[in-house]
C-alpha cells in the first residue's frame, strides 16, 4: 500500500470544503443568461455582437466577452437537458485553482506544510464567496495557471500566448493576468517575460472578436458610472465574513515586511494588487491570489531532511476515504436555484406576452427560461444599459418615475420581489396582483 502520510492527508480537507460549497444552491443570475447566450450562438453559428435579450437595448452594439465559455455552457445544457453539471464544473475549477496556488505557496514558503495548509485554508475561505458558475470562475483558474507558470522552475513563458488567447475568449479578466505577468517581469528584470506579455497581448486579438476584445474593455471603462451602482463593483465591505481572508492577507503582508522578507522588487506586485483589491469587492479574490505567494515567501528557510517517523498508513487511507466520500456527497447534492432570487414556475406562467418590468436577477432568469423570445427590461449587463438606464431602474424600484417610464416602454405587467417599494406604488395606481407567493408578486394594469 502506498505511504499516505498525515502531511498529505490534511491537504484533502480544503477540497472537501470546496466540494460542499460547489453543491450550494445557485443564485448567480449572470450565469443563467450566459447559458442561453451559448445555445443562441450555437444555433446561429456566430458570436453575438448586438443585444438579443432586452427590449430596452435590443439591437444595440454589444459583444459577449465570454463567447467560448458560453458555447461550452450551451453545449452542456443541450447534452444534459439542464444545468445539473454546474456543481461538478465548480468543483473542478475551484479545486484546480486552489491546488495550483497551493503548489506555488508550498514552493515559495520553503516547502513548509504548516504555512501551505494555513494559506490554502485562507484561499478556500476567500474562494467560497466567489464560487460562482459564471465565466469568471474560469478566469480565476486561468489566473492561477499564469501565477503557477511564472513561479515554476521551468517557467514555460512560451505557453503564455496560448493561455491568454484562450483567456480572452473566456473572460475579460485576462487583462489582469497580463498585468501580473508584466509586473512580475519588471520585478525579475526579465526582458523575455515582458516580451511574452507583448506577444500574449497580440494573441488576444486572434479570437472571434478580433481587436474588438479590447473594445469591450474600453466599453467597460466608459461604463464605470453604471458599474459603480452595482454592489460588487463597490469597495469591499470588511465587516463581511467573506472578506476577512483578504484582511488576513493584508496583515500577513505587514508581518512579512516587518520580518524583512520583502525585497524592493516585490512591491511591483504588492502595491498594484493591494490597490486593485481595495477598489471593488469583485477584485478581492484575484488580489488574494496574486498576494498569497508574497505572504508565504521565506527566502532564508532551509528544509531539514530527516528520517520520517512511522505512521499508521492504513488509518490514514481510511480517513482519506471518509474525506473523499464526504466530498462526493457534497458535490452530488442537487443544486437548486435560490427561491428568493428567482421566481417559481407559477409566477413566470402568470406573465402574459408583451414587455414586463423586472429586476436584474429575474431578467437573467427569464432570458434563460424563455429568451430570446421573451425580452426583458433589464439584467446585470450594466455595460450595455449604461448609467442612465441603470439609474432609471434604481429609481423605478423605489417608485420614482414609474408612470412615465412604464408608458415610454409600453409596460403593463411586472414581476417584482414582494418587499420592494414599487409594489406599494403600483397598488396605489390600481394595478392588480395577478400572482403572489412568499418572494414574488406579478402585477398588471387593472
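Just so you know, all these numbers are worked out from the coordinates, no wet-lab data involved. Because the structure is predicted, anything quoted here is derived from the model rather than measured. For neighbour counting, all protein chains shown are included, and Cβ atoms are generated from backbone atoms with ideal geometry for every residue, glycine included.
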For the range 96-247, what class follows from the C-alpha gyration tensor (a ≥ b ≥ c being the square roots of its eigenvalues): rounded when a/c is under 1.5, otherwise prolate if a/b is larger than b/c, else oblate?
oblate
Can you compute the radius of gyration and Dmax for the range 345-444, using only the Cα atoms, both in Å?
12.6, 34
Classify the range 44-112 as rounded, prolate or oblate, taking a ≥ b ≥ c as the square roots of the eigenvalues of its Cα gyration tensor: rounded when a/c is under 1.5, otherwise prolate if a/b is larger than b/c and oblate if not.
prolate
Mind checking the angle between helix 174-188 and the chain's longest principal axis? C-alpha axes, 0 to 90 degrees, to the nearest 10.
30
In nm², what is the average projected area of the convex hull enclosing the Cα atoms of the range 167-280?
8.7
Just want to confirm a number: the relative contact order over the range 153-249, from Cα pairs under 8 angstrom separated by 6+ residues, in percent.
26
For the chain, evaluate the Debye formula with one uniform point scatterer on each Cα (no solvent term) and list log10 I(q)/I(0) at q = 0.06, 0.13 Å⁻¹, rounded to two decimals.
-0.30, -1.23
Per the helix-only calculation at 222 nm, which mean residue ellipticity applies to the chain, given -39500 (n - 2.57) for every DSSP H run of n ≥ 4 and division by its residues, nearest 500 deg cm²/dmol?
-18000 deg cm²/dmol
The range 345-444, relative contact order in percent, only Cα pairs under 8 angstrom and at least six apart counted
31
How high is the relative contact order of the chain, in percent, counting Cα pairs under 8 Å that sit 6 or more residues apart?
22
Any chance you could tell me what percent of the C-alpha pair distances in the range 1-148 go past 28 Å?
33
Report the equivalent ellipsoid semi-axes for the range 72-179 in whole Å, largest first, defined as the square roots of five times the eigenvalues of the gyration tensor built from alpha carbon atoms.
26, 19, 11
Specify the angular offset, from 0 to 90 degrees and rounded to the nearest 10, of the alpha carbon long axis of helix 13-22 from the longest principal axis of the alpha carbons in the chain.
10
Helix 67-80 sits off the longest principal axis of the Cα atoms of the chain, rounded to the nearest 10 on a 0 to 90 degree scale, by 80
Give the peptides 175-183, 243-251, 42-50, 397-405 in descending order of average Cβ contacts within 10 Å, highest first.
175-183, 243-251, 397-405, 42-50
